[in-house]
Amino acid sequence: MKESEKGAEINTMGTLREEIKDKKRIVIKIGSSSLQHKETGGLDYTKLDVLVRELCNIANQGKEVVLVSSGAIAVGKRAVHIGKEDNPIAVKQACAAIGQARLMMTYQKLFAEYNQTIAQILVTKNVVTNGISRINAVNTIQELLTMGVIPIVNENDVVSTDQILDGNFGDNDTLSALVAKMIGADLLILLSDIDGLYTDDPRSNPDARFISCVEKIDDELLSCAKGPESGFGTGGMTTKLAAAEIANGAGTDMVIANGDDPVNVIRILEGKEVGTLFKAWRK
């Protein structure tokens, strides 16, 4: 690539990143693996506190924030001393019932420290596919945002087995994209255990190249996706690319970034080159 072409590419990237600063309605998804200590599966309270503080800062800037949070089943398993091994559906649903209450209690305490009101919204596949249910959900979220409340969304694993059985919502990757689409979000940020999209798995291939920006999802890009490796989450890069297709097709930009440092959310909103940016299709 010629130097002039490199300069043009950098300028274009800078412009695309700068545009993120103006985003007003933001959906942020954090996966199970980003919420927990890898060694024990216990909640990482330090990381959660930083995430909550940054979300409150974003809300204080006048932006609207929706958090899609995984982790209910994993937190429930930890509470009743069940390991990462596979379990019957009924056990997972029972753990979801235990874990969702504990997870929301933790969020409530942390957000209260910053005087930020939150609300719990549990959805199923039917909510996003059924017209009346979808409208009701959108109206509720819209009203909460108008009140200055941060909605915290998760799939209702207690009554729905879509995610448990086949990863239908892909550790909430797909769910977060559908939520972003439903409410007309400007930006979707997926916080995971990876820095972004690579040409191959960097954990097994040291020559894998980082991809900073994607403007078109094609077959070559899809071939870069790998399956999940985490014992706590259900999503892999394949589900993240599927989420990007949903979000981008609805006019929503999406960024995949590492959730090990929740401050990455602020860096992204400052226009810094963090994670992989999936640019919405231009209409």
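Every number in this text was worked out from the coordinates using simple rules, so none of it is lab data. Source: prediction; values computed, not measured. Because the Cβ atoms are built from the backbone with ideal geometry, glycine has one as well, and the counts that use them run over all protein chains shown.
Rounded to a whole number of µm²/s, how large is the Stokes-Einstein D of the chain at 25 °C and 0.890 mPa s, given Rh as the Kirkwood radius over C-alpha pairs? Value of D from the Cα-based Kirkwood radius: 129 µm²/s. Here's the picture: a label point sits 7 Å out from the Cα of Ser133 along the beta-carbon direction, and within segment 69-113 nothing has its amide nitrogen under 15 Å of it.
Note on Lys63: aspartates and glutamates with a C-alpha under 17 Å away, same-chain residues under 8 apart excluded, are Glu18, Glu19, Asp22, Glu54, Glu143, Asp186, Asp253, Glu270.
Distance distribution note for segment 64-159: the fraction of Cα pairs above 16 angstrom is 60%.
Computed about the Cα centre, the dipole magnitude for the chain is approximately 720 debye when only Lys and Arg (+1) and Asp and Glu (-1) carry charge, each at its Cβ.
Entry note, segment 101-159: relative contact order of 42 percent, from Cα contacts under 8 Å with a spacing of 6+ residues. Pairs of Cα atoms nearer than 8 Å and 6+ residues apart set the relative contact order; for the chain it is 23 percent. Relative contact order of segment 65-142, taken over Cα pairs closer than 8 Å and 6 or more residues apart, is 26 percent. Once the Cα-Cα distance is subtracted from the 0.36 nm per residue extended length, the Glu39 to Asn258 segment shows a gain of 77.0 nm. Dividing the helix sum by the residues of the chain, where each DSSP H run of 4 or more adds -39500 (n - 2.57), gives a mean residue ellipticity at 222 nm of -13500 deg cm²/dmol.
Built from the Cα atoms of segment 87-129, the convex hull projects on average onto 4.0 nm², one quarter of its surface area. Using the structure shown, select from Lys77/Lys125; Lys216/Lys240; Lys29/Lys240 the pairs with a Cα to Cα distance greater than 21 angstrom. Correct reply: Lys77/Lys125. With the simple spin-label model, which puts each label point 7 Å out from Cα in the Cβ direction, the Gln61 to Met147 separation comes to 2.5 nm.
Computed from the Cβ-Cβ distance with R0 of 30 Å, the FRET efficiency linking Asp201 to Trp281 stands at 0.65.
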